[in-house]
Amino acid sequence: MAQYDVIIIGGGPGGYNAGIRAGQLGLKAAVVEKRVTLGGTCLNVGCMPSKALLHASELYEAAGGEFATLGIEVKPKLNLVQMMKQKAESVTALTKGIEFLFKKNKVDWVKGFGKITGPGKVEVTAEDGAVTSLEAKNIVIATGSEPTPLPGVTIDQQRIVDSTGALSLPEVPKSLIVIGAGIIGLELGSVWRRLGAKVTVVEFLDRITPGMDNETAKTFQRSLTKQGMEFKLGAKVTGAKAGKSSVSLTVEPVAGGAAETLEADYVLVAIGRRPYTEGLGLETVGVTPDKRGFIETDHFKTSAPGVWAIGDAIHGPMLAHKAEEDAVACIEMIAGKYGHVDYNLVPSVVYTYPEVAWVGKTEEQLKEAGVAYKVGKFPFTANSRAKINHETEGFAKVIADAKTDEILGVHIIGPQAGEMIGEYCVAMAFKAASEDIARVCHPHPTRSEAGRQAAMGVEGWTMQA
Ligand code: FAD
Ligand code: NAI
């Protein structure tokens, strides 16, 4: 029986970071992963392949349009096979990188499906059926999540796909219907629209991207609409029939009214993700997930002594960097240190064009909490870098406490917003006031100056607008 200090079930951003941190702290660690590669959803079928396609498709579209404005005349020709190949190569390089880090930090990768069989006990069943028994004082559940199914719409990964299928379509659809105007739907919808598909997004709510600051979401929807994406808001899909080369969907207004039928070559179902704990043996240690499938934790501790949980399997934003934060804090606690995660400072980024990035509170959340705030907003139309690059869409918006001036939330929409938000994560972690940012010299000409100008706007002394 192999003995460990900690066994981690799942090798995604939660699990692999937990394994590496455990190794760094001198704990004997095993990571159990059933996939043939490490890296979990994020590296294999999530963040990484989607960003590879977003990057390539953005350049393809720019080459067919915006390049000419810059005096570069080319006629781009799509080679979808090569686009998919470079995506797969990047993914392989990244997953191999995790294997290297495991070796470097003396973390064992136990290949196969992990099942908890009692306190401190895990059984791993390999692909060939061989079973290995492991023991440890601590077990960390990092089994992640899976797409939420939609009743009446069966995923066949041929015509009706989830995000995994949408990352590897064999052709550019003539028409694609996306169900769900969330992050997956808008990112992958953008990829296929840029490559030539007519994309229609059907969303249950009367807005896109719930959770995003309202004003920013409205600007975002306007921009995507201008690019040719169509939105059917306040609509629910009640059934789907997949044929050989197309799908027909029954869609009804949420508010009531006549149903209509929509036809498309392909349908992407992207209505959220749910924790994945199937066959994990939680009952053997007396852990019962909540109604939505999440494992309830208190500082990563489950109700069972010695059983911890992190990442998408527990509450909080389902994001790779959040899983990574959970992992480090959880392992530090197992090692007798003081792990901590500030969930208010987990940033969100939508990697579309324009990008949308935010951290902290939205105006709506502050209103609801009765917090008095001031807003500074700066449009990229007045930012010199944005102007010379012909990328003037969007704005940076800083929200600060009306009394103390502490920064409470930042919302940026525009190219490279994701790169800009990190500055504000650091500032907010140090409890910066808006004036602190406003008085810090930023490089010229950069888009980050718009972030500073927004902070100056809170103080009432914006220079450039
Ligand atoms: P996962 O990454 O899901 O890893 C869990 C692993 O556990 C899996 O590999 C699974 O095979 C394994 N496993 C499960 N059960 C067992 C078992 N019993 N035995 C052995 N192994 C098991 N997040 C971002 O922050 N940025 C992005 O840009 C981004 N893009 C995304 C794009 C898409 C299309 C999708 C689907 C997700 C995206 N995400 C993104 C979300 C991100 O992928 C997840 O938040 C992150 O992967 C969660 O990490 P995790 O370790 O908790 O779980
Ligand atoms: P999501 O929660 O972001 O969006 C789902 C959308 O579907 C919501 O707008 C919701 O109102 C809508 N919806 C729900 N049921 C519906 C129905 N029956 N009909 C029509 N619409 C319906 O979920 P999504 O896009 O599937 O992504 C899952 C998670 O993956 C995200 O929440 C995010 O945590 C993560 N992710 C992160 C990315 C990033 O950080 N850039 C990229 C992709 C995914």
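Values quoted throughout were computed directly from the atomic coordinates according to the rules given, and no laboratory measurement underlies them. Quick caveat, the model's predicted, so the values are computed rather than measured. Neighbour counts are summed over all protein chains in view; Cβ atoms, including those assigned to glycine, are modelled from backbone coordinates with ideal geometry.
Miscellaneous remarks
- The stretch between L70 and E368 holds 102.7 nm of extra length on full extension. This uses 0.36 nm per residue minus the Cα-Cα distance.
- Of interest is the spacing of the C-alpha centroids, which for the stretch 326-344 and the stretch 25-70 amounts to 26 Å.
- Under 24 Å from K361, Cα to Cα: lysines that are on another chain or at least 8 residues apart: K218, K322, K374, K377, K397, K403, K431
- Using θ = phi - 60° and Karplus 6.51 cos²θ - 1.76 cosθ + 1.60, couplings along the stretch 295-304 (whole Hz; Gly, Pro as x): 7, 7, 9, 10, 6, 6, 7, 8, 6, 9
- Shape call, the chain: gyration tensor on alpha carbons, a/c limit 1.5: oblate
- Under the criterion of Cα pairs below 8 Å and six or more residues apart, the relative contact order for the stretch 354-458 equals 35 percent.
- The chain: relative contact order in percent, alpha carbon pairs under 8 Å with at least 6 residues between: 14 percent
- Share antiparallel - DSSP beta bridges, the chain, percent rounded to 5: 60 percent
- Separation in nanometres of the label points that stand 7 Å from Cα toward Cβ, at E283 and F430: 5.3 nm
- Computed lengthening from T225 to D298, 0.36 nm per intervening residue step minus Cα-Cα distance: 22.0 nm
- Binned Cα-Cα distances of the stretch 389-465, short to long, each 5 Å bin given as a whole percent: 3, 16, 31, 27, 16, 5, 1, 0
- Trypsin sites (Lys or Arg not before Pro) within the stretch 414-449, DSSP loop, no more than 16 other Cβ atoms inside 10 Å: K431, R439
- Dipole axis of the chain (+1 Lys, Arg; -1 Asp, Glu on Cβ), positive-most option in I412, N79, G10: N79
- Only Cα pairs under 8 Å and 6+ residues apart enter the sum, and on that basis the relative contact order of the stretch 160-271 stands at 34 percent.
- Set of lysines near K34 by C-alpha distance (under 20 Å), chain-local residues within fewer than 8 positions excluded: K96, K103, K106, K111, K115, K121
- Rounded, prolate or oblate (a/c below 1.5 giving rounded, otherwise prolate when a/b exceeds b/c) for the stretch 164-253 by Cα gyration tensor: oblate
- Here the chain is treated with +1 on each Lys and Arg Cβ and -1 on each Asp and Glu Cβ, and its dipole about the Cα centre works out to around 600 debye.
- GluC sites (Glu not before Pro) within the stretch 1-99: DSSP coil, no more than 16 neighbouring Cβ in 10 Å: E73
- Modelled spin labels at S168 and Y338, positioned 7 Å past Cα toward Cβ, are 4.7 nm from each other.
- By definition, a body whose alpha carbon gyration tensor gives a ≥ b ≥ c is prolate when a/c is 1.5 or more and a/b is larger than b/c, and the stretch 277-381 fits this prolate description.
- The ranking of C47, C330, C42 by Cβ neighbour count inside 10 Å, starting from the fewest, reads C47, C42, C330.
- Theoretical gain in end-to-end length, M1 to S248 [0.36 nm per residue, Cα-Cα removed]: 83.5 nm
- Every helix of 4 or more DSSP H residues in the chain counts as -39500 (n - 2.57), and over all residues that averages to -9500 deg cm²/dmol at 222 nm.
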